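Data block below; observations after.
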Amino acid sequence: MINYILIILPQNFYDMKKNQIFLIIAMASFMIMVSCKQANTPSKQTNNDHLIMSILYHQRAAEYEALCYQSYNLAKQIIDEKIKANPKAKNLAIITDIDETVLDNSPYEASLVIKKYIFPDKWEEWTSLANAKPIPGAQDFFNYAASKGITIFYITNRGTNEKHATIENLKKYDFPFADSLHVMTKDSISSKEIRRNKVRENYNVILYIGDNLADFNDSYLKTSMDYRHQAALEQKDSFGTIYIVLPNAMYGEWESALYNYNYNQNIDSIRRSLLISF
Ligand SMILES: [Mg+2]
C-alpha cells in the first residue's frame, strides 16, 4: 500500500533559518516512517509458534491421515452393522461437525503462525474462499452413508454469514446433502444441543461424528478439564459405537478448558504449568 503525505511548505520557506528547515524535514521523515510502519503491520499481532508442531502433525504426518481413515472405516462398520440389524429402519441420520471433521482448516492455522494473526482474524476471509480440502476418508464415507439411504446433517459453529461459502465448499468436493436445510450453522449460542434436538425430532440419529467432544453432548461444553475427563470416562462405551472422534491437536474446547475459558491471562505460563513431567 502506498501512502501519500502532503507536506505544505510555508510561503516564506526559502527565507527560513536553517534550523527551522531541518525541523520541518525531520518531522516529515518521522511521519513517513510511521505511515510505512502502519501500512505493513496489522493492528494486533501475536506469536503463535506453539501451533507449529500440531499443524505439522495435521499436514505432514501419515499417522494423522491414518487416524482419520481409521475413524471413517469404523464409522462405515457401525452403519453397516446397524442397517444389517434393522434393514427396514427408516429416517436414519448421521450428525457430523464440519471443521477438522469434514473440512481441513490447517492452512488457516498455518497462516496464524506465519502472519501472527489472532484468531478469529481472517477466519471468514479463509472460509469465504470455499477452498478447504476434505479430511481423509470423509468424502467416501458420507457418500457411502447417503447411498444406504442415511440422511446427513452438518451441525457447525460456523456463522450464518459463512453458510453459503460452506455449502459451496462441501459441494466442490461432492459431499452429499450440501444444502441450506442440512448445513445447520450457529445463530447465537455455541451449544449444538438445540440443533441436535431439532434433527432428532424427525430422525433416528445413529452416529455422531466430530473432533470436539462438545459435538456429541453438552457435558464437554464450557466445563472444566476435570469434568471433561470424568464425562469421557462415564461415556467411554459410546466412543467407537455412537460417537466417532477425529483428531484435532490444533485447537478445540480441550484448549479453552486448559485456561478455564479465560484468555485474559498469561496463557504461555499456564501451558507450561500444566505439563506433566517427572
Ligand atoms: Mg470441529
For this session: Based on alpha-carbon positions alone, could you give the equivalent ellipsoid semi-axes of segment 195-269 from the gyration tensor, as √(5λ), descending, whole Å?
Result: 26, 13, 11
Exercise. Roughly what percent of Cα-Cα pairs across segment 94-163 reach past 21 Å?
Worked result: 33 percent
Seminar exercise, completed: With a 21 Å threshold on alpha-carbon distance, the violating pairs from Lys122/Lys171; Lys163/Lys192; Lys82/Lys186; Lys88/Lys236 are Lys122/Lys171; Lys82/Lys186; Lys88/Lys236
Exercise. Near Lys222, which aspartates and glutamates are there with a Cα under 19 Å away, not counting those fewer than 8 places off in the same chain?
Worked result: Asp97, Asp99, Asp187, Glu193, Asp211, Glu234, Glu253, Glu255
Problem set entry | Solvent-accessible area of Lys171 with every protein chain in place, 1.4 Å probe, in Å² to the nearest 10 | 110 Å²
For this session: Straight distance only, please: which aspartates and glutamates reach the Cα of Lys90 with their own Cα at less than 16 Å, same-chain residues fewer than 8 apart left out?
Result: Asp80, Glu81, Glu201
Seminar exercise, completed: Hull volume per residue for segment 31-178, using the convex hull of the C-alpha atoms, in Å³ is 120 Å³
Exercise. Which aspartates and glutamates does Lys76 reach when only Cα atoms under 12 Å apart count, and residues fewer than 8 places away in its own chain are ignored?
Worked result: Asp140
For this session: Can you check what the Kirkwood hydrodynamic radius comes to for segment 51-92, Cα pairs only, in Å to one decimal?
Result: 12.4 Å
For this session: Order Glu100, Glu125, Glu168, Glu253, most accessible first, counting only protein heavy atoms with a 1.4 angstrom probe.
Result: Glu125, Glu168, Glu253, Glu100
Seminar exercise, completed: Sorted list, accessible surface of protein heavy atoms, 1.4 Å probe, largest first, for Arg60, Arg272 is Arg60, Arg272
Exercise. Taking only C-alpha pairs under 8 Å that are 6+ residues apart, what is the relative contact order of segment 190-278 in percent?
Worked result: 29 percent
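The values are calculated or read from the model by the stated rules, or taken from the named source; none is laboratory data. Owing to the predicted nature of the structure, the values given are computational and were not obtained by experimental measurement. To get the accessible areas, we keep the full protein, side chains included, count just its heavy atoms, and leave off ligands, DNA and RNA. Shrake-Rupley method; radii C 1.70, N 1.55, O 1.52, S 1.80 Å.
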